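> Mind looking over this structure? Questions follow.
The values are calculated or read from the model by the stated rules, or taken from the named source; none is laboratory data. Because the structure is predicted, anything quoted here is derived from the model rather than measured. A quick note on method: Cβ atoms are made from the backbone with ideal geometry, for glycine too, and the neighbour counts reach across all protein chains shown. The protein model used for the area step is the full one, side chains on, heavy atoms only, and it has no ligands, DNA or RNA in it. Shrake-Rupley method; radii C 1.70, N 1.55, O 1.52, S 1.80 Å.
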Amino acid sequence: MRVVEPTSASIDYVRGEMLARRRSLAAGVVARSSAVVVERLRGLEEVREARTIGAYLGIGGEVDPSALRDDEELDVALPVTTPGEPLRFVVPVGPLLNGPFGTHQPGDGREVLPDDLDLVLVPVVVADQLGNRVGHGGGFYDRTFASTREAGRSRPLLIGLCHAFQVVPKLEARPWDVPLDLVVTEVGLVRPGR
């Protein structure tokens, strides 16, 4: 695997390659990988101790953590996306609505402030061994959690979820990037700094 330089052109190229590869996965492969990742998550002490988590519903071949919504011990808040703004997290009540970018999001429910989440499961397009992440390019997670990290707080814990092929040795972090604390794939864990 190659080192990715920090130019926007190379980031866009890697993002495009990974998105195409992820979208080409058969539904059964995505379902199996998602099931393994969810079981790995359930085995993590950080998840077992959590009460309120932020999660997402997988689309386009993403590892899908939605099975965690069935865990009675967890309140699972889903992101509400408004272009240009930080994410809002809502524990849904009632049906989900169509959101931007092909997502589904709560229309009603209990809002949870990002700082009040124990951990957040973050969708990943590509991540590295150091916890750097490239997402879809909207900057929603970086915008939402930048102030938390600038204040030196380690909560909520940010856990990236992806397929193993989406993890590369090194990405150059950009100044606005908020790093992941942990990356979970179907083949194992990446704990940056260990």
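> Once you have the Cα-Cα distance between Glu172 and Ala20, take 0.36 nm times their residue separation minus that, and quote the gain in nm to one decimal.
Gain on extension, Glu172 to Ala20, equals 52.6 nm.
> What is the magnitude of the charge dipole of the range 1-145 about its Cα centre, with +1 placed on the Cβ of each Lys and Arg, -1 on the Cβ of each Asp and Glu, and no other charges, expressed in debye to the nearest 20?
Details: 15 positive and 22 negative charges, 132 e Å.
I would put it at about 640 debye.
> Among residues other than Asp118 whose Cβ falls under 9 Å from its Cβ, what is the net charge (Lys/Arg +1, Asp/Glu -1)?
-1
> Would you mind telling me the share, in percent, of accessible area of the chain contributed by carbon and sulfur at probe 1.4 angstrom?
Exposed carbon and sulfur together represent 53 percent of the surface.
> Okay, moving on. Could you give the length gained by full extension between Arg110 and Ser66, i.e. 0.36 nm per residue of separation minus their alpha carbon distance, to one decimal place?
Here the segment from Arg110 to Ser66 would lengthen by 14.1 nm.
> If I ignore ligands, DNA and RNA and count only protein heavy atoms, how much of Thr103 is accessible to a 1.4 Å probe, in Å² to the nearest 10?
Thr103 exposes around 40 Å² with every protein chain in place.
> Same structure again: Kirkwood hydrodynamic radius of the range 94-194 from all distinct Cα pairs, in Å?
The Cα-based Kirkwood calculation yields 14.6 Å.
> Just Val47, Val178, Val120 to compare: in a GNM of the chain, with alpha carbon springs under 10 Å, which one fluctuates most?
Of Val47, Val178, Val120, the most mobile in the Gaussian network model is Val47.
> Okay, moving on. Count the net charge of all other residues whose Cβ sits under 11 Å from the Cβ of Ala55, scoring Lys and Arg as +1 and Asp and Glu as -1.
Details: positive: Arg69; negative: Asp64, Asp71, Asp75.
Every neighbour counted, the sum reads -2.
> I'd like the Karplus ³J(HN,Hα) series for the range 129-144: coefficients 6.51, -1.76, 1.60, θ = phi - 60°, whole numbers in Hz, and an x wherever there's a Gly or Pro.
5, 9, x, 5, 9, 10, x, 7, x, x, x, 4, 5, 4, 4, 5
> How big is the antiparallel share of DSSP beta bridges in the chain, given as a percent to the nearest 5?
Percent antiparallel among DSSP bridges in the chain is about 45.
> Report, by chain and number, residues whose modeled amide H sits under 5 Å from the one on Asp75, excluding near sequence neighbours (fewer than 5 apart, same chain).
Hits under the 5 Å cutoff: Thr52, Ile53.
> Go through the range 105-116 residue by residue and turn each phi into a ³J(HN,Hα) via Karplus (6.51, -1.76, 1.60, θ = phi - 60°); whole Hz please, and just put x for glycine and proline.
8, x, x, 8, x, 9, 6, 10, 5, x, 5, 8
> Here's a follow-up. Return one whole number: the accessible area per residue of the range 58-194 in Å², for a 1.4 Å probe.
45 Å²
> Could you identify which residue out of Ala127, Ala164, Ala55 has the top mean-square fluctuation in a GNM of the chain using Cα springs shorter than 10 Å?
With Cα springs under 10 Å in the chain, the top fluctuation among Ala127, Ala164, Ala55 is at Ala164.
> Something else now. Explain nothing, just compute: Karplus ³J(HN,Hα) = 6.51 cos²θ - 1.76 cosθ + 1.60, θ = phi - 60°, for every residue of the range 68-76 in order, whole Hz, x for Gly and Pro.
In residue order, the calculated couplings are 5, 5, 7, 6, 5, 7, 10, 9, 9 Hz.
> Taking just the alpha-carbon atoms of the range 7-47, what radius of gyration and Dmax come out, in angstrom?
14.6, 39
> From the square roots a ≥ b ≥ c of the eigenvalues of the alpha-carbon gyration tensor of the range 99-150, which class results: rounded (a/c under 1.5), prolate (a/b over b/c), or oblate?
Taking the square roots of the gyration eigenvalues as a ≥ b ≥ c, the range 99-150 is oblate.
> If the only charges are +1 at each Lys and Arg Cβ and -1 at each Asp and Glu Cβ, what is the size of the charge dipole of the range 67-111 around the Cα centre, to the nearest 20 debye?
Computed about the Cα centre, the dipole is about 260 debye.
> Let me have the relative contact order for the chain, percent, based on Cα pairs under 8 Å that are six or more residues apart.
22 percent
> Right, something else. Express the Stokes-Einstein translational diffusion coefficient of the range 53-129 in µm² s⁻¹, to the nearest whole number, given a Kirkwood radius over alpha-carbon pairs, 25 °C and a viscosity of 0.890 mPa s. Mind showing how you got there, number by number?
Numbers: Rh = 13.0 Å.
Estimated via Stokes-Einstein, D reaches 189 µm²/s.
> Along the positive direction of the dipole of the chain (beta-carbon charges: Lys, Arg +1; Asp, Glu -1; about the Cα centre), which of Gln129, Gly54, Leu182 reaches farthest?
Positive-most Cα among the choices belongs to Gln129.
> Tell me the label-point distance for the pair Glu73, Arg42, using the 7 Å Cα-to-Cβ offset, in nm and rounded to one decimal.
Taking the simple label geometry, Glu73 and Arg42 are separated by 1.1 nm.
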